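**Student:** After the structure tokens below, expect a handful of questions from me.
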Amino acid sequence: MTSMAYITNRLVRHSVEHDPDALARHARDPGAAIVLLAGDLPVLAAGRPGSGFLPASVLDRLPEHREQVFLGYLGERPVIATLAAAEMAKPFQDDPAFTVENLRAVAMSGLVPPEELGTLAMAKSLLDWHARHRFCANCGAPTRHAQAGFRRDCPQCEAQHFPRTDPVVIMLVTRGDKCLLGRQPRFAPRTYSCLAGFLEPGETIEDAVRREVLEEAGVRVGAVRYVASQPWPFPSSIMIGCAGEAESEDIAFDTAELEDARWFTKDDVRRMLDGTHETFAAPMPIAIAHHLLRHWVQGS
Ligand SMILES: [Zn+2]
């Protein structure tokens, strides 16, 4: 079975407070590993699986790079995330030594070993943050890269800006032997999944679960517990997987969010997970929703 994607990262993360000069020191290190994105597309060494860690010589193929972040160490090897222009995807696509693919497809197709996916997710979220935060949110002046890529500073008003992570609650709501799943129009055909939504400022995780389920499906939720989490680098979310107990059963779903919502039995979900259900399908195994469902039917 495919494991949940983006959760494993073998990197010893860079502790920027202890070593703010690490990027400057390792930027020209010929032994460094480069995690390269052209726009938002990872450039991989080709193979099944290939690798998202490229030799430092790959930098010689770039006319320029836009941003770099020192991610940490893989054993003794420094790892540097590098952002190239989106147009640079084409020359790498044309070279059989490389594969260029979006990060969802990289996970689904097993283009790199699963333990590399967490590092690729980290690189993508950080580089995306740099690309989108070139100007100060406080005064509008251009910001500068700082702290090996883990901060941007405004020279005008001296504000410091830090990389963001956007929390999303995703919950399997159950009532006895049944669970509540919904379907958005953008889902793959027949697929139903856990409800989900962004945590709002000043809100607890438990209340976000209750609010989202009430808003999207009209179902009241009581007890909520945390199950597991998953980085979701599109662009920089953390999926907080929860289980919630429904206190009501009637569904009144929000048609702006969902195309359908309904209750499924454990037997339905078992067959959806193993692909034998005649009508419905479960979410893909790379996603946490799949694992929340599996965890529930296995009764643990
Ligand atoms: Zn500013």
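**Student:** Average projected area of the Cα convex hull of the range 166-297, in nm²?
**Tutor:** For the Cα atoms of the range 166-297, the hull's average projected area reads 7.4 nm².
**Student:** Dividing the convex hull volume of the alpha carbon atoms of the chain by its residue count, what do you get in Å³ per residue?
**Tutor:** So the per-residue Cα hull volume is 161 Å³.
**Student:** Determine the relative contact order of the chain: mean sequence separation of Cα pairs under 8 Å and six or more apart, normalised by residue count, in whole percent.
**Tutor:** Rounded, it is 18 percent for the chain.
**Student:** A follow-up question, please. When we measure straight from the Cα of Lys178, which aspartates and glutamates land under 19 angstrom away, once same-chain ones fewer than 8 places off are left out?
**Tutor:** Within the straight-line limit of under 19 Å, Lys178 reaches these aspartates and glutamates: Glu212, Glu216, Glu245, Glu247, Glu249, Asp250, Asp260, Asp267, Asp268, Asp274, Glu278.
**Student:** Between beta-carbons, use under 14 Å as the cut-off and find the net charge around Phe53, counting Lys and Arg +1, Asp and Glu -1.
**Tutor:** -2
**Student:** Another question, then. Among the Cys residues of the chain, which have no other cysteine Cβ under 4.7 angstrom away?
**Tutor:** Within the chain, the cysteines lacking a partner Cβ under 4.7 Å are Cys179, Cys194, Cys242.
**Student:** I'd like the accessible area for Trp263: 1.4 Å probe, protein heavy atoms, all chains in place, Å² to the nearest 10.
**Tutor:** Number for this one is 50 Å².
**Student:** Heavy-atom accessible area of Leu59 with all protein chains present, probe 1.4 Å, nearest 10 Å²?
**Tutor:** Rounded to the nearest 10, that gives 40 Å².
**Student:** Using protein chains only and a probe of 1.4 angstrom, how many square angstrom of Cys157 are accessible, to the nearest 10?
**Tutor:** Around 50 Å² of this residue is reachable by solvent.
**Student:** On C-alpha positions alone, give me the angle between the axis of helix 114-132 and the longest principal axis of the chain, in degrees, nearest 10.
**Tutor:** 70 degrees
**Student:** Let me ask you something else. Output the 0 to 90 degree angle, nearest 10, between the alpha-carbon long axis of helix 205-217 and the longest principal axis computed from the alpha carbons of the chain.
**Tutor:** Long axis of 205-217 versus the principal axis of the chain: about 60 degrees.
**Student:** Quick check on the chain: helices-only [θ] at 222 nm, where DSSP H runs of length 4 and up contribute -39,500 (n - 2.57) each and the sum goes over total residues. Nearest 500, please.
**Tutor:** Per the formula, -6500 deg cm²/dmol.
**Student:** Hey, another quick one. Once you have the Kirkwood Rh of the range 12-161 from its Cα pairs, apply Stokes-Einstein at 37 °C and 0.692 mPa s and quote D in µm²/s.
**Tutor:** For these conditions, the coefficient is 208 µm²/s.
The values are calculated or read from the model by the stated rules, or taken from the named source; none is laboratory data. On a predicted model such as this, the values are computed, not experimentally measured, just so you know. Glycine also receives a Cβ, built like all others from the backbone with ideal geometry; neighbour counts cover every protein chain displayed. All accessible areas refer to the heavy atoms of the entire protein, side chains included, with ligands and DNA or RNA removed. Shrake-Rupley method; radii C 1.70, N 1.55, O 1.52, S 1.80 Å.
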